[in-house]
Amino acid sequence: MTVTTSRGLAWAPLAEVDPELWMAIEGERERQRWKLELIASENYVFRAVMEAQGTWLTNKYAEGLPGKRYYGGCEYVDVAERLAQERALALFPGAEHVNVQPHSGAQANMAAYLAVLDHGDRIMGLSLAHGGHLTHGSPVNFSGKWFEVHSYGVEPGSEVLDYDAVERAAREVRPAMLVAGASAYPRTLDFERLAAIAHGVGAVLFVDMAHIAGLIAAGLHPSPFPHADIVTTTTHKTLRGPRGGLVFSRADLSPELKARYPKLAKTTLAAAIDKSVFPGVQGGPLMHVIAAKAVALLLAATPEYREDQRRTVQNAQLLAASLRERGARLVSGGTDTHLMLVDVTPLGVTGREAEALLDAVGITVNKNAIPFDANPPNIASGIRVGTPAVTTRGMGASEMREIGELIVAAIAGRADPVARDRIADAVREICARFPVPGLPET
Ligand SMILES: *Cc1c(COP(=O)(O)O)cnc(C)c1O
């Protein structure tokens, strides 16, 4: 290695000290610039979010909470964390407490469970096969290993939740916690009803709003506040912030509900959540990421962001219509949110095949099981398609129509290399017109 700076390796630029890694980072920049990102959980962060995350706040240890740290020198990171807390609570009216330290959505969920539950307690969440998340009780995840898991699902036929059925199941199971929220459910969730169901059986309602937090912030989906007792989210999906999580909660549970949870006998729910994040499941918080969360939460309160979320939902409806008109089947018939589940079997392929065919033309999606799927999960009958990333790039109605057309054409023309090249060119042409915010052009 020839490093040009006289001050040694510690001062040398990345491209110089590690060209092999730098090539991969550059490759990823080009991929993001020249492909159509339709993965529903992805987005492009605000430029200011990227800036905040790239700062020297990464150097600081700050175990504990603002004003109550285990390390000196926290006066500036305290400001960053307090801003993140204040803005999170302001963005979601009705939330009483927040911890902004979780490193990810999964860790936010782990903290939520551990604040109130004991090993072996009963939880009830949406089944993974019907759109739930791994952390809602899958046997391969800690949630499935530590708790006794009962799942609810969507109804055959309508493919939507029937709350009367959820209520009957909850009465039978009597879970200690009802878990709501999803990674692949395209319809509105009724949190008020879910709270009535949970509280009716003496259970805590835990809402994981990871996918729809941005929609909720913009008033486009009903809020889980003040109905849910604990609410978690990721910050990097519709919220357009850095990768990470947040845990919100009530200051405390109602006395009747609280009596069921020995862990809360001598503490409040808010204090239990904070302790569960640190020292329960994490060590030092990522202060540069918390700073980036603060920026994202500030920007999410702007009219520009609300308009972006409105267009995200509108684009999802337009894309769903375009796909449906061309022979794809939409699970539940459509979408109320930023994402849709597309049954691709009427087009003659499996989800895995569709994902590969689309990848070959520069359209990125993920294969996804559909409810009551006849195929195993690694093959799947569907793809999950979301509009947050393309909307952040500024795409609108005419692009959604065209993307729907290109998706179906790429699948229908799978035996035709000429068609494939034409579709790939069309994808690049759309990308050329829409630069990615925050991504340098060269
Ligand atoms: C994405 C997601 C998570 C996990 O977030 P990570 O940051 O990937 O750990 C948890 N719950 C739901 C509903 C999600 O969609």
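Among 233-239, 338-344, the peptide with the highest mean count of other Cβ atoms within 10 Å heads the list, and the full ranking is 233-239, 338-344. Considering only alpha-carbon pairs that sit under 8 angstrom and 6 or more positions apart, the relative contact order computed for the chain is 22 percent.
Does the range 356-442 come out rounded, prolate or oblate by the C-alpha gyration tensor, with a ≥ b ≥ c the root eigenvalues, rounded set by a/c under 1.5 and, if not, prolate when a/b is larger than b/c and oblate if not? In terms of gyration-tensor shape, oblate. For LYS60, the shell of other residues with beta-carbons less than 13 Å away shows a net charge of -3, using +1 for Lys and Arg and -1 for Asp and Glu.
Based on Cα contacts under 8 Å between residues 6+ apart, the range 303-433 shows a relative contact order of 27 percent. Which ³J(HN,Hα) values in Hz, rounded to whole numbers, follow from the phi angles of the range 420-431 under the Karplus curve 6.51 cos²θ - 1.76 cosθ + 1.60, where θ = phi - 60° and Gly and Pro get x? These are the phi-based 3J(HN,Hα) values: 4, 5, 5, 5, 4, 5, 5, 4, 5, 5, 5, 4 Hz.
The protection proxy used here, the mean number of other Cβ atoms lying within 10 Å of each residue, ranks peptides 54-60, 314-320, 408-414 as follows, highest first: 314-320, 408-414, 54-60.
Would you please classify the overall shape of the range 104-237 from the alpha carbon gyration tensor, given that a ≥ b ≥ c denote the square roots of the eigenvalues, rounded means a/c under 1.5, and beyond that prolate means a/b larger than b/c while oblate covers the rest? Rounded, because the longest to shortest axis ratio a/c is under 1.5. In this structure, the amide hydrogen of ARG69, modeled 1.01 Å from its nitrogen in the peptide plane, lies closer than 5 angstrom to no residue at least 5 positions away or on a different chain. For LYS35, a cut-off of 19 angstrom between C-alpha atoms picks up these aspartates and glutamates, skipping any fewer than 8 places away in its own chain: GLU26, GLU353, GLU355, ASP359, GLU399, GLU402, GLU405, ASP421, ASP425, GLU429, GLU441.
Qualifying chymotrypsin sites (Phe, Trp or Tyr not before Pro) in the range 65-108, where qualification requires a DSSP coil assignment and no more than 16 other C-beta atoms within 10 Å, comprise TYR70, TYR71. Working note: Karplus 6.51/-1.76/1.60 with θ = phi - 60° gives the range 348-361 the couplings x, 9, 8, x, 4, 5, 4, 4, 5, 5, 6, 4, 5, 10 Hz, where Gly and Pro are set to x. Counting only DSSP beta bridges with both residues in the chain, the antiparallel share comes to about 55 percent. In vacuum, with every alpha carbon of the chain counted as one equal point scatterer, what does the Debye formula give for log10 I(q)/I(0) at q = 0.09 Å⁻¹? Two decimals, please. Debye intensities relative to I(0), on a log10 scale: -0.61.
Neighbour counts of other C-beta atoms within 10 Å: give me VAL207, VAL149 arranged from fewest to most.
VAL149, VAL207
Calculated mean residue ellipticity at 222 nm for the chain: -12500 deg cm²/dmol, from DSSP H runs with n ≥ 4 weighted as -39500 (n - 2.57), summed, divided by the residue count and rounded to 500.
With the Cα gyration tensor of the range 303-433 giving a ≥ b ≥ c as the square roots of its eigenvalues, does the rule (a/c under 1.5 for rounded; else a/b larger than b/c for prolate; else oblate) give rounded, prolate or oblate?
Oblate is the answer for the range 303-433, as a/c is 1.5 or above yet b/c matches or exceeds a/b.
Amide H contacts of GLY327 (H built 1.01 Å from N, in plane; Pro and chain starts excluded): no residue 5 or more places away or on another chain comes under 5 Å. Annotation: amide H of HIS236 within the under-5 Å range of GLY241, GLY244, sequence separation 5 or more or interchain, hydrogens built in the peptide plane.
Every number in this text was worked out from the coordinates using simple rules, so none of it is lab data. Nothing here was measured: the structure is a model prediction, and the numbers come from that model. Cβ atoms come from the backbone with ideal geometry, glycine included; neighbour counts cover every protein chain shown.
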